[in-house]
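In what follows, a single structure is set out as structure tokens and then discussed.
The values are calculated or read from the model by the stated rules, or taken from the named source; none is laboratory data. Model, not experiment: these values are computed from the prediction. All Cβ positions, glycine included, derive from the backbone under ideal geometry; neighbour counts span all protein chains shown. Heads up: the accessible areas ignore ligands, DNA and RNA and are worked out on the full protein's heavy atoms, side chains in. Shrake-Rupley method; radii C 1.70, N 1.55, O 1.52, S 1.80 Å.
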Amino acid sequence: MSLGFELKKKLRGFSVDVGLKVDEELMVLFGPSGAGKTMILKMISGLVRPDEGVVEVSSARLFDSREGVDLPIRLRRIGYVFQDYALFPHKTVFGNISYGIDYLEDSEIKRRVGELVELMRLTGLEDRYPHELSGGQKQRTALARTLATSPRVLLLDEPFSALDYQVREKLRSDLLNIHKLYPITTILVTHDLEEAFMLGKRISVINNGKIEQTGSREDVFYRPRTRNVARFMGVKNIFSGTVTGFDSAHTIIRSRDLGAIKAHTPEGASYGVGKEVSFCIRPEEVIVIRPDKVLDNRVQDNLFEGEITETTGKGSTHTMYMKIGSGGALLKIELPNFVLRKLALATGKRIRVSLKKEDIWIIP
Amino acid sequence: MDMFPLYLTVKVSFTATVFTVAVGLVVAWTMAKKDFFGKDFLDVIVMQPLVIPPTVLGYYLLTLLGRSSPVGRFLEDVLGFQLVFTWKGAVVAAFISSLPLFVKPARAAFEGVGAELEDAARLLGKSEIYIIRTVTLPLAWRGILAGAVMSFARATGEFGATLMVAGNIPGVTQTLPIAIYDAVQSADDYTANVLVGVITLFSFTVLYLAGRFTRGRF
């Protein structure tokens with residue numbers, strides 16, 4: 001089943017205007033809180049009525065403002081898992097999972113629920129009430145309750161946001177396995193970058209009610225099309241400059257902050273000399289050069305020297321900020337801890353870095 | 001001692017509560033779950049008996065249901081239903097004055113059932129009626145029961161409006177509160193004390209039970 005939609009809705013303070021086509025895949029809607037992601041799911045499911053638009057599942061219209069089609073929620077067969085699960089507090093795990101299929105014969109209900117209970121690792125908890133479950137168990141019960149009805153499309157609204165880090169990790173990989181088993185057209189909403197990257201083969205970046213970019217996770221992560229996408233993807237080092245020339249496969253940019261920069265020309269780029277562009281480099285792609293090292297070909301472009309202004313450790317990596325260029329711009333660098341130790345890097349120390357031209361991405 | 005007032009009060013209150021719950025459930029659910037034009041106005045109308053003097057309420061009912069109004073004439077001539085100065089009139093008075101005491105807690109109970117739970121049921125393919133039966137009512141029944149108990153208690157104590165509509169006819173429309181008034185007026189202390197004792201005991205029991213329902217210890 002494929003899901004296609006085009007939705008427009010004016011809300012207080014901002015408006016949603018999006019269109020997307022999703023196949024039997026797990027598509028991630030990623031964006032900051034308040035970007036309208038949940039609103040999109042609500043409009044697809046029928047919980048909120050769009051001002052204008054179309055929702056269709058495999059070419060069957062669920063909603064069409066122009067033709068006056070607005071299928072009631074209960075007939076849409078769209079599975080929806082709420083952020084806080086919305087389990088029925090007066091029903092057991094079994095009662096919750098079987099709720100949507102309670103019109104079937106007893107033996108069939110038992111069989112289907114039993115299958116899902118096992119798949120969701122809920123065995124032995126069938127008679128518990130929601131308040132007797134852990135967060136992860138609640139989440140799995142909610143997912144099982146939805147899957148029991150064999151939905152044509154599955155919508156997951158921040159399904160892991162209420163869970164501890166460790167539980168979240170486990171449940172994310174669970175979800176990927178379940179999706180392999182039940183390859184339902186799925187949209188997952190999240191504002192967690194790590195989650196988006198781990199779960200979404202394709203990611204759609206939503207900002208302020210609009211889609212900024214839809215693409216493979218690598219595209220969105222390494223080749224952002226807008227400054228916003230770059231920012232949301234954690235690129236952090238975003239600069240701007242003017243194109244001054246080309247050199248075979250490279251673009252030369254004159255930047256106020258960094259001076260002359262040489263970067264790989266992205267495929268299909270259509271800018272010419274004189275164009276204002278933004279360019280960026282991920283903090284983990286910045287190369288810190290050992291002082292005694294002889295520069296080889298790979299790192300001889302875009303060399304900068306400067307002082308480390310800040311060092312923060314976070315688990316397995318360290319984040320440093322380095323003053324770069326004459327304008328006082330800061331470059332964010334992320335390094336594994338062992339590199340930091342080996343090079344004895346610390347705040348105040350002067351270092352030399354290279355921004356490899358193939359790792360600089362020019363935002364067209 | 002004449003036990004008719006006690007019997008009549010139980011009969012009137014019970015009948016009134018049946019109507020209160022039936023009508024009140026619809027009103028409370030609609031006010032809790034739907035948005036419509038005139039919702040605030042309906043709220044004011046339903047809650048009016050809480051603040052309006054019972055005699056004024058009684059006067060309205062008397063005027064509305066008496067032979068001089070079209071409604072009263074219709075009830076009497078077409079349906080053969082005489083309300084004024086009958087026990088049925090006492091039921092109407094008790095019903096109107098106890099309705100707000102049912103609607104308030106019942107509405108709060110319905111509002112307490114999160115819209116998300118009902119949405120979840122809709123998304124699982126269920127109809128509105130089915131959702132009310134399997135989600136809304138099972139989660140709101142404590143508040144509904146508490147409201148029913150409170151409105152029953154209010155009905156047993158109804159005095160002013162009942163007196164206006166049903167009058168004070170011993171053996172026909174004389175309810176317990178009116179009988180107490182009568183006994184005191186005629187200096188029959190013994191009857192007054194017994195009846196007051198009965199009502200007091202009853203009221204204590206009711207409030208205690210209502211409290212237990214709402215706190216969920218049953």
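Gain in length, A:Thr312 to A:His264, computed as 0.36 nm per residue apart minus the alpha-carbon separation, to one decimal in nm?
Result for the pair: 14.2 nm of gain on full extension.
Could you compute how much accessible area chains A and B hide from each other, both sides summed, with a 1.4 Å probe? Nearest 100 Å² is fine.
1600
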inquiry  = Checking the table A:Lys9/A:Lys201; B:Lys34/B:Lys126; A:Lys262/A:Lys323; A:Lys42/B:Lys33; A:Lys9/B:Lys126 against a 21 Å threshold on Cα-Cα, which pairs fail?
reply    = A:Lys9/A:Lys201; A:Lys9/B:Lys126
Accessible-area composition of chain B, carbon plus sulfur, in percent [1.4 Å probe] = 69
task = Could you pull out every one of the lysines with an alpha carbon less than 19 Å from that of B:Lys88, ignoring same-chain neighbours closer than 8 positions?
result = B:Lys11
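If you count, for every residue in A:87-100, the Cβ atoms of partner chains within 10 Å of its Cβ, what is the mean?
3
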ask   = Using 1/(1 + (r/R0)^6) with R0 = 41 angstrom and r between the beta carbons of A:Arg66 and A:Ser216, what's the FRET efficiency to the nearest 0.05?
value = 0.80
inquiry  = Give the aspartates and glutamates reachable from A:Lys236 as a straight Cα distance under 13 Å; neighbours fewer than 8 places away on the same chain don't count.
reply    = A:Glu284, A:Glu285, A:Glu334
query = Taking every residue in B:111-122, how many Cβ atoms of other protein chains lie within 10 Å of its Cβ, on average?
reply = 5
query = Per-residue mean of other chain beta-carbon atoms within 10 angstrom of the beta-carbon, peptide B:123-132?
reply = 6
ask   = For chain A, which whole-number percentage of the solvent-accessible area (1.4 Å probe, protein heavy atoms only) is attributable to carbon and sulfur atoms?
value = 48
inquiry  = With the crude spin-label approximation of a point 7 Å out along Cα→Cβ, what separation in nm comes out for A:Ser2 versus A:Ser161?
reply    = 3.0
query = Ranked highest first by the average count of other Cβ atoms within 10 Å around their residues, in what order do A:46-54, A:239-247 fall?
reply = A:46-54, A:239-247
task = Give the peptides B:181-191, B:14-24 in descending order of average Cβ contacts within 10 Å, highest first.
result = B:14-24, B:181-191
request  = Mind pulling the angle between the C-alpha long axis of helix B:4-33 and the longest principal axis of chain B? Nearest 10 degrees, somewhere in 0 to 90.
outcome  = 30
message = Quick check for you: with a 1.4 Å probe and neighbouring chains kept, what is the accessible area per residue of the range A:179-267, in Å²?
response = 45
inquiry  = Which of the three applies to chain B, rounded, prolate or oblate, going by the alpha-carbon gyration tensor with a ≥ b ≥ c and a/c under 1.5 meaning rounded?
reply    = oblate
